[in-house]
Amino acid sequence: MTDAENDLNLVRAVADYQFGRGIGERLFPEGVKLVYSKRTGRVRHIYLGGRLLATLRPTDGLLSLTLDGARRLMEANGRRRYWVKVSREASPYVARGRSVFAKHVVDVDVGIRPGEEVAVLSEDGEVIAVGRALLSGREMLQFRHGVAVKVRSGSDRQSK
């Protein structure tokens, strides 16, 4: 097995650990391009068809998804996990990169734990942002105050 194959298997194993068994292969199929850090020589970015899907964070070794990566995760994940659905009035703000407040959460994967990577969906089910959960899925539904998801990237930001 080549180093590139080993690295792809490592990235898939991280995805399986982070998002659930079997997701790694569906999220990162054959043909993905791995880009390495010039400083450390470790895998840093994962591309498919010229589009960035995810970044391997050096701080904790987990994946930060891009919008394209979150869309693939939503398609690949049969159980549809790691998502937060926001109200119509909040969607434009979240798409511009604003944080998701608990009062705007209309539905959620109740299995989400604080600190996990999540896709933020519009009420129509379209991925409009990605970020990190600050509350559990159950808390997002119960709380009326506070930030539920710290958004890293919104769909309107990426298109500009």
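Of the residues Thr66, Thr40, Thr55, which exhibits the maximal mean-square fluctuation in a Gaussian network model of the chain defined by a 10 Å Cα contact cut-off?
Thr40
Taking the beta-carbon count within 10 Å as an exposure proxy, list Val151, Val14 from fewest neighbours to most.
Details: Val151 22, Val14 19.
Least crowded to most crowded, the residues run Val14, Val151.
Can you give the Rg and Dmax of the chain based on its C-alpha atoms, in angstrom?
Calculated on Cα positions, Rg and Dmax stand at 15.7, 52 Å.
Could you tally up the Lys pairs in the chain with alpha carbons closer than 26 Å? Skip any pair fewer than 8 positions apart unless they're on separate chains. The partial results should precede the final answer.
Working: Lys33/Lys160; Lys85/Lys103; Lys85/Lys150; Lys85/Lys160; Lys103/Lys150; Lys150/Lys160.
Eligible lysine pairs with Cα atoms under 26 Å apart amount to 6.
When the convex hull of the Cα atoms of region 107-160 is projected onto a plane and the area is averaged over all directions, what value comes out in nm²? Don't jump to the answer; show the numbers that get you there.
Numbers: hull surface 15.1 nm².
For the Cα atoms of region 107-160, the hull's average projected area reads 3.8 nm².
Which one of Asp68, Asp124, Asp60 has the biggest mean-square fluctuation once the chain is modelled by GNM with Cα springs under 10 Å?
Top of the fluctuation ranking is Asp60.
Once the Cα atoms of helix 67-76 and of the chain are each reduced to a long axis, what angle between those two axes, in degrees from 0 to 90 to the nearest 10, is obtained?
It is inclined by approximately 90 degrees.
If you take every residue apart from Ala13 with its C-beta less than 13 Å away from the C-beta of Ala13, what net charge results, scoring Lys and Arg +1 and Asp and Glu -1? It would help to have the intermediate numbers written out before the result.
Details: positive: Arg12, Arg21; negative: Glu5, Asp7, Asp16, Glu25.
Charge balance near Ala13 sits at -2.
Could I have the simple spin-label model distance between Arg26 and Arg152, label points 7 Å from Cα toward Cβ, reported in nm to one decimal?
2.1 nm
Could you list which residues have their amide H under 5 Å from that of Ala119, counting only those 5 or more apart in sequence or on another chain, with H placed in the peptide plane?
Here the answer is Trp83, Val84, since their amide H atoms fall under 5 Å of that of Ala119.
If you place +1 on the Cβ of every Lys and Arg and -1 on the Cβ of every Asp and Glu, how big does the dipole about the Cα centre of region 83-159 come out, in debye to the nearest 20?
Approximately 340 debye in magnitude.
Taking the Cα atoms only, what angle lies between the long axis of helix 3-19 and the longest principal axis of the chain, rounded to 10 degrees?
With rounding to tens, the tilt is 20 degrees.
Compute, for the chain, the length of the dipole vector about the Cα centre, with Cβ point charges of +1 (Lys, Arg) and -1 (Asp, Glu) only. Units Debye, rounded to 20.
Values: 28 positive and 19 negative charges, 105 e Å.
Dipole of the chain, to the nearest 20 debye: 500 debye.
How do Leu63, Leu48 line up, fewest other C-beta atoms within 10 Å first?
Leu48, Leu63
Taking 22 Å as R0, compute the FRET efficiency from the Cβ-Cβ separation of Arg96 and His145 and round it to 0.05.
0.55
Full extension from Val110 to Lys38: what is 0.36 nm times the residue separation minus their Cα-Cα distance, to one decimal in nm?
Numbers: separation 72, 0.36 × 72 = 25.92 nm, distance 3.93 nm.
Additional length available on full extension: 22.0 nm.
No lab work stands behind these numbers, since they all come straight from the coordinates. Only a predicted model underlies this, so the values are computations on that prediction, with no experimental measurement involved. Note that each Cβ is placed from the backbone with ideal geometry, even for glycine, and that neighbours are counted across all protein chains shown.
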